[in-house]
Amino acid sequence: MILIRRFAIALAAILILAIAGWFRIRGTLAEPLWLDEAYSAYAAAKGFDFLWNIVPLYETHPPFYYSLLRLWTLGFGDSLAALRALGIACGLLTVPVTVLAAREAARLVRLPAMPVMLAAGLVAALSPALVEMAREVRPYPVLILVYAAALLALIRAARGVEAAGRIPRRPFAAYCACLLLVLWLHNLGPLYAAALGLASLLLIARPGLSRRDWALLIGGQALAGLLYLPGLLILIDQAPTWVKSTWLHFSTVNLVPRLAEIYVAQGTKGIVGGCLLLLGAIVLLALRRGGWRLAAALLVAALLPVAASIALSLLVAPVFIVRTMTAAAVPSLILIAIGMGGVFGLPGWPRRIAMVAAGVCLILLAGRMAVIDVRRRASPPMQDWYAAVRWLEQRYRPGDMVWAYPNEGALPFDYAVRDLGLRIATRPIPTPIPTLDGGPGAWNPTGSRGVFSLPADRLAAIADAPDARAVPTIWLLRLGANAYDKGDHLLDALDRTRVRVGDCESYPIDIIGLARPDVAGPPQIFPEDRVPCEPDDKPPVRHKMKSPPPRDGDGDRFSTKKKRAALSGRRGGPAGAGAAR
């Protein structure tokens, strides 16, 4: 029986990891780098001097993640597969780390560990938030893994305090190291660090701790905060620009589905099943000796970062985006696992009833998670730069040039060109990223100091310059034209001396070809219904130029399939760089 049980457990673990891997890996090489990912790849391609001296001048995020990605590319290359592999590796590692954290939580309150671990593995493998972030070349998969590791170390330290009355050094040192990494991985890291600090007090602080242990508890976390001071100075320096001209607009519309994406899963079945399991976990922990500490700590770790980001969005400047809060899913998943597996520790007939109820809830939640994951894998890329480049390839001629305005549009475009093995010349306007000095009359319209809008007279001068007139066809690539060039000043300046020869839009990708009259060919008529940026061998699907796609209120990626195909990388704002990327 023991061998059969071990075999069944091993088989379940393999199946869970296979599910996790399939959803996290499938189709990743078919999706081009979208704008934010292109920023990551661009920074990682630079040296460490650039990362630590130039990046802080225009990027609110600390340079640590970009440095980590730089080291990764030095070892594995900078191909699309290599760039995505770091996030996938972290995403896969998050599953066993979450399982181990759930095991420590179960042992802390003397609940059956194995059913809690299996439930934790299942929901961590299927969680749409964790799956989606693992596929990104952004800090989020690393942040999620480190947050899970911090909770694992913290709960293990709490077990040591419970057993011996003193803080075990190794788990607490691991926790402090994770706390420091959380701070350096994202500009909202302080919100997660605050949640972890409060959770540590709930789990560890208690009467009877020695002065030495109190000094360790406070001093270890204070040291992590002190080592984060350079990152805090970067954040303080960048914050005024973000507050003054952020692209983001916070709205409470659809807030419940957005929160469900983080904690459980979108949809009635996912919300009901997940919330009932969370409620069951709280009840189970309330019945266990010392369980209130664990319940309070996990709730703080799950709720405080999100609540703080919403409060900042309401009182200071919008910062709440679902992707930035996905690490908060980990403590929620641990509670859900306790709500499912913990019922095995109940006695008699209450156990049988609770097992059936918890099983139904888990089926509802896991089933909804799987449906969302399958649908998203069948959805088109968030920004289909490959299709846009293929559309342009069919029209591009030697001597032509792509003008990227804003300049950041050249980043994902150039990486798509590279991945497809093509050669297309680009000119970012006014300069390549980062433009640290936009010159007279320039301004930052979206909170990023590396991206500028230019006044109409300067755009006209660029369009009329001799080097511009020498280009046979200029392909104007725009991202969020309503933010960077609201009056279409650059387009109008080119239109005065050139003839339109191409036009497509797949929001936020917007490409317009403007040729010199001597190379333009016969006049063309472009209807109000603009064609999408897709190669001609795909059937055209027209959409009206004057009716932009619907946009989410906070920039999140987690919406319906129709919206996901239409919206920009930051949903609800221009495709410009932003502090909350």
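Farther than 27 Å from residue 398 by Cα and aromatic (Phe, Trp, Tyr) - does that describe any residue in the range 465-484? Among the residues of the range 465-484, at least one is farther than 27 Å from residue 398 by Cα and aromatic (Phe, Trp, Tyr), which makes the answer yes. The criterion of at least 3 residues that are without any contact (Cβ under 8 Å) to a residue 40 or more places away in the chain, farther than 29 Å from residue 506 by Cα and within 18 Å of the chain's Cα centre (by Cα) is met by none of the helices (runs of 4 or more DSSP H) wholly inside the range 22-82. Screening residue 207 on (1) assigned to a loop (DSSP other than H, G, I, E, B); (2) open to solvent by 30 Å² or more (accessible area, probe 1.4 Å); (3) under 24 Å from residue 322 (Cα atoms) shows it passes everything except condition (3).
Pairs are defined by a Cβ separation below 6 Å, a sequence spacing of at least 6 or placement on different chains, a first member in the range 214-232 that is outside the structural domain of residue 204 (by the TED database), and a second member that is in a helix (DSSP H, G or I) and loosely packed, with under 13 Cβ neighbours inside 10 Å; no pair meets this definition. Counting only residues that are more than 36 Å from the chain's Cα centre (by Cα) and open to solvent by less than 40 Å² (accessible area, probe 1.4 Å), the range 342-353 holds 1 of them.
The values are calculated or read from the model by the stated rules, or taken from the named source; none is laboratory data. Keep in mind the model is a prediction, meaning the values are calculated, not measured. All Cβ positions, even for glycine, are placed from backbone atoms using ideal geometry, and neighbour counts span all protein chains on display. Side chains included, ligands, DNA and RNA excluded: accessible areas come from the protein's heavy atoms. Shrake-Rupley method; radii C 1.70, N 1.55, O 1.52, S 1.80 Å.
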